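Notes follow the structure.
Only the coordinates and a few stated rules stand behind these numbers; no lab work does. What you see is a predicted model, and the numbers here were worked out from it, not measured in a lab. Counting neighbours? That spans all protein chains shown, and the Cβs are built from the backbone with ideal geometry, glycine included.
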Amino acid sequence: MSEKKVATTAVRAGINSDKHHGAVVAPIHLSSTYSLKGFNEKRDFDYSRTGNPTRATFGQAIADLEGGSTGIVTSTGMAAVHLICQLLSVGDKVLIPHDCYGGSYRLFVHLAKRGQFDVLVVDQSDEQALAEALVQKPKLVLIETPSNPLLRLVDIEKIASASKAVGAIVAVDNTFLSPILQQPLSLGADIVFHSTTKYINGHSDVVGGVLVTKTNELGEELAWWANCIGITGPAFDSYLALRGLKTLPLRMAAHQENANSVASYLNKHSAVEIVHFPGLEEHPQHELAKRQQIDFGAMLSFELKGGVEAVKVLFDNLSLFTLAQSLGGVESLISHPSTMTHAGMDIEAQKAAGISQTLVRLSVGIEDIEDILADLEVGLSASQSANVSPLSAPSKQPKFRISAAQAAVW
């Protein structure tokens, strides 16, 4: 058979691999330890922190989808980021984007304060600032594209090439798009990582992470460290994430279709100042998105008119969108980045990254698009009509339905 397509790879991961009982679906191996064949004769697995059959199947599935060599499954997405830090020594420099995920920013900045390495925080879309930072020869360059929460893009291939010219390892956070929509290793990255909590699992019932390396050598080094510091993921979570992975291509298609309608609707709504979504032609990196991504994804954010009180009124008048952390589940979520996902950044760092108090982030789910748009219309109408002073009490608005076709012309 010729090289399989991504949908086939996602579905077939672990299928018909059980050599003992012929189970079609890969079984869960919950054992913490495994017997040796005899004195000093190890099998493929000996202790589950080091290696587990279920976790190995899941890790290899992501590696196959990303076009990489080694997949290392971690207990959380931040554990995957922390694992990358094991490549750094005292005196090494790491270059991170000024608008990266708040948890990543917090980890790098606080480890740097403890003297474990030095951090360069740079707007990677600023070619001069990036070039000046690369002159300092960082050991690691971290890329996040699209960025969280402003959906900014940077050119992976261009930055990877410039980074490797100074000897840097390039790692890309691909959580927002998944391997279905973007494959950074093919664009020059050495490492790609995900919070599998998000789209890969897709059902908001697992917390996990995964890291994929381009080469076996780098994979072996990081796998050694994952075992050494004890951050590998559990078998049951790997099983659930592997099950979620099988529907990832279908879910991403549904997510994107809905997100396109939501972006079009918000872009023409009088309550909205600006929409951040690469699928819109006016997005500053729209052409770059078309070039390095397979599609535009289902995350978007927008600035709401009326100040922070209008944001509160919006949240109070939504019933379908849930105000919660995380993203990438089948359900629609809404969040306030400044006080939620990026609370780990101080206010000045948030301002430098462009995160305002009126910025709202959406993870568009796969519910019926008419229900999604109707819910947003109720909330946005309330935010416009309410007296947005601190003493105001927003009133619930009656629901009505709006079709995707209507949204497209709004």
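Worth pointing out:
- Here r is the Cβ-Cβ distance between GLN325 and GLU3 and R0 is 30 Å; the resulting FRET efficiency, rounded to 0.05, is 0.20.
- Cross-link reach is defined here as a Cα-Cα straight distance under 17 Å, omitting same-chain residues fewer than 8 places apart; for LYS113 the lysines meeting it are LYS93.
- In this label model, ASP205 and ALA343 are separated by 2.7 nm, measuring between points 7 Å along each Cα→Cβ vector.
- In a DSSP loop and with at most 10 other Cβ atoms within 10 Å, there are no GluC sites (Glu not before Pro) in the range 117-187.
- Base-10 log of normalised Debye intensity for the range 275-370 (one unit scatterer per alpha-carbon) at q = 0.22 Å⁻¹: -1.25
- Percentage relative contact order, the chain, counting C-alpha pairs under 8 Å, at least six apart: 17
- Highest mean first, the peptides 167-175, 273-281 sorted by other C-beta atoms within 10 Å per residue fall in the order 167-175, 273-281.
- Computed from Cα atoms, the angle from the helix 235-245 axis to the main principal axis of the chain rounds to 60 degrees.
- Distance between the pseudo-spin-label points of ASP126 and ARG49 (7 Å out from Cα toward the beta carbon): 4.3 nm.
- Principal-axis analysis of the Cα atoms of the chain puts helix 248-267 at an angle of about 20° to the longest axis.
- Gyration tensor over the Cα atoms of the range 6-245: the corresponding equivalent ellipsoid has semi-axes (square roots of 5 times the eigenvalues, largest first) of 32, 20, 15 Å.
- Computed from Cα positions, the angle between helix 102-113 and the longest principal axis of the chain comes to roughly 60 degrees.
- GNM remark for the chain: springs join alpha carbons under 10 Å apart, and the peak mean-square fluctuation among MET299, MET340, MET78 falls on MET340.
- Zone residues, the range 243-259, relative to ILE15, backbone N less than 19 Å from point 7 Å out along Cα-to-Cβ: 243-253
- Full extension of the chain between ARG291 and SER89 yields a length gain of 69.2 nm, computed as 0.36 nm times the residue separation minus the alpha carbon distance.
- Anchor LYS4: lysines whose Cα lies under 21 Å away (excluding residues fewer than 8 positions away in-chain): LYS214, LYS246
- With the convex hull of the Cα atoms taken as the outline of the range 197-280, the averaged projected area works out to 8.2 nm².
- Fluctuation leader among ASN260, ASN216, ASN148 - the chain, Gaussian network, Cα springs under 10 angstrom: ASN216
- Loop-located trypsin sites (Lys or Arg not before Pro) in the range 95-167 (DSSP state other than H, G, I, E, B) with a sparse environment of at most 14 neighbouring Cβ atoms within 10 Å: ARG114.
- Both numbers refer to the Cα atoms of the chain; Rg and Dmax are 22.1, 77 Å.
- Rg/Rh for the range 42-169, where both radii come from Cα atoms and Rh is the Kirkwood radius: 1.02
- Gap separating the Cα centres of the range 252-325 and the range 16-35, nearest whole Å: 43
- The GluC sites (Glu not before Pro) of the range 1-101 meeting both criteria, a DSSP state outside H, G, I, E and B (loop) and at most 16 other C-beta atoms within 10 angstrom of the site's C-beta, are GLU3.
- The chain: most fluctuating residue of ASN16, ASN40, ASN201 per GNM, C-alpha cutoff 10 Å: ASN40
- By the helix-only formula, in which each DSSP H run with n ≥ 4 contributes -39500 (n - 2.57) and the sum is divided by residues, the chain has a 222 nm mean residue ellipticity of -11500 deg cm²/dmol.
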